[in-house]
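*Asks:* Here it is: the structure, laid out below.
The values are calculated or read from the model by the stated rules, or taken from the named source; none is laboratory data. Treat the numbers as computed from the prediction; the structure is a model and nothing was measured. So basically every Cβ, Gly included, is an ideal-geometry build from the backbone, and we count neighbours across all protein chains shown.
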Amino acid sequence: MGTYIVLMGVQGAGKGTQAARLQEELRIPHITSGGLFRAMKSQDTPLARQVQEIMARGDLVPDDITIQVVRARITQPDAQAGFILDGFPRTVPQAQALDGLMQELGQALTAVLFLKITDEEAVRRLSGRRQCRQDESHIYHVEFNPPQVEGKCDIDGADLFQRQDDTPDAIRARIGQYYDKTAPLLDYYRARGILYEVDAARPIDAVTDGVLAAMQAIGK
């Protein structure tokens, strides 16, 4: 049996950081929904072309196509021993579709790890984020990772800016949308007995300890 994990949590909960540590510990791929669609942009397959056309129109990729994209990825050789799925499923119908995919593979989800933080903590973490105007991969935080010179990138000296969707009001709106869509999903997995909540408001190492303790509790 492989180790098949769904990672959940609002933006700012630290999913990327914990997924990287879990990936190193378990030696299974971290698969993000955003990464799947970005990869589709450079692929030349019937499915990729279909996704490219939808995204070119500015439309949301419908569930049936999204599920095909996920299926194509989780059936790759590197995912045979398991995966950490991040950003999918987002709704109960998507979760039910994922259950169907797992049945096709003769497997079942091992655990759903929900990294839990308060709305206030999410706002604190995200609203302090600043990006470099010259290279948006250069990211700082006014509290946790400040630049050496306020408002300037350490690497290239360019101005730092706050993204429009990182303002407190925008963050609270995103959090509200997240819980509207995912609260039923949490209940779905809780009823299945595979939902594990981890207090993600603690220091990074303590959160990692909580994640690994949850995995040990289920024998993984």
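*Asks:* In region 186-203, what residues are part of a helix (DSSP H, G or I) and touching a helix residue (DSSP H, G or I) at 6+ places or on another chain (Cβ under 6 Å)? Reasoning before the result, please.
*Replies:* Going through region 186-203, the residues part of a helix (DSSP H, G or I) turn out to be 186-192.
Listed by number, the list holds a single entry, Y188.
*Asks:* For region 48-64, which positions are assigned to a helix (DSSP H, G or I), surrounded by fewer than 15 Cβ atoms within 10 Å (Cβ to Cβ) and of a type in the set (G, A, S)?
*Replies:* A56
*Asks:* Right, another one. Looking at region 143-174 only, could you name the residues that are among the hydrophobic types (A, V, I, L, M, F, W, C), over 19 Å from S127 (Cβ atoms) and loosely packed, with under 14 Cβ neighbours inside 10 Å?
*Replies:* Scanning region 143-174 gives V149, I155.
*Asks:* Moving on. Hey, could you check region 100-118 for residues that are free of Cβ contacts under 8 Å to residues at least 60 places away in the same chain and part of a helix (DSSP H, G or I) and say which is nearest to V70 (Cα to Cα)?
*Replies:* Applying the first criterion (free of Cβ contacts under 8 Å to residues at least 60 places away in the same chain) to region 100-118 yields 100-101, 103-106.
Filter once more, keeping what is part of a helix (DSSP H, G or I): 100-101, 103-104.
Details: G100: 12, L101: 9, Q103: 14, E104: 13 Å.
Result: L101.
*Asks:* Can you tell which of R90, R38 is surrounded by fewer than 18 Cβ atoms within 10 Å (Cβ to Cβ) and either of a type in the set (V, I, T) or closer than 23 Å to G2 by Cα (or both)? Give the derivation first.
*Replies:* Values: R38 fails: either of a type in the set (V, I, T) or closer than 23 Å to G2 by Cα (or both).
Within the list R90, R38, the selection yields R90.
*Asks:* Additional query: Taking into account only those residues within region 175-190 that are hydrophobic (A, V, I, L, M, F, W, C) and surrounded by 15 or more Cβ atoms within 10 Å (Cβ to Cβ), which is nearest to R90 (Cα to Cα)? Break it down into steps so the answer makes sense when it comes.
*Replies:* Residues of region 175-190 that are hydrophobic (A, V, I, L, M, F, W, C), as a first pass: 175, 183, 185-186.
Remaining after also requiring surrounded by 15 or more Cβ atoms within 10 Å (Cβ to Cβ): 175, 185-186.
Numbers: I175: 13, L185: 7, L186: 10 Å.
Taking the candidates together, the pick is L185.
*Asks:* Next question, about the same structure. For R130, state whether it is in a loop (DSSP other than H, G, I, E, B), among the basic types (K, R) and modelled with pLDDT of 90 or more.
*Replies:* On the way: in a loop (DSSP other than H, G, I, E, B): no; among the basic types (K, R): yes; modelled with pLDDT of 90 or more: yes.
So R130 fails the test.
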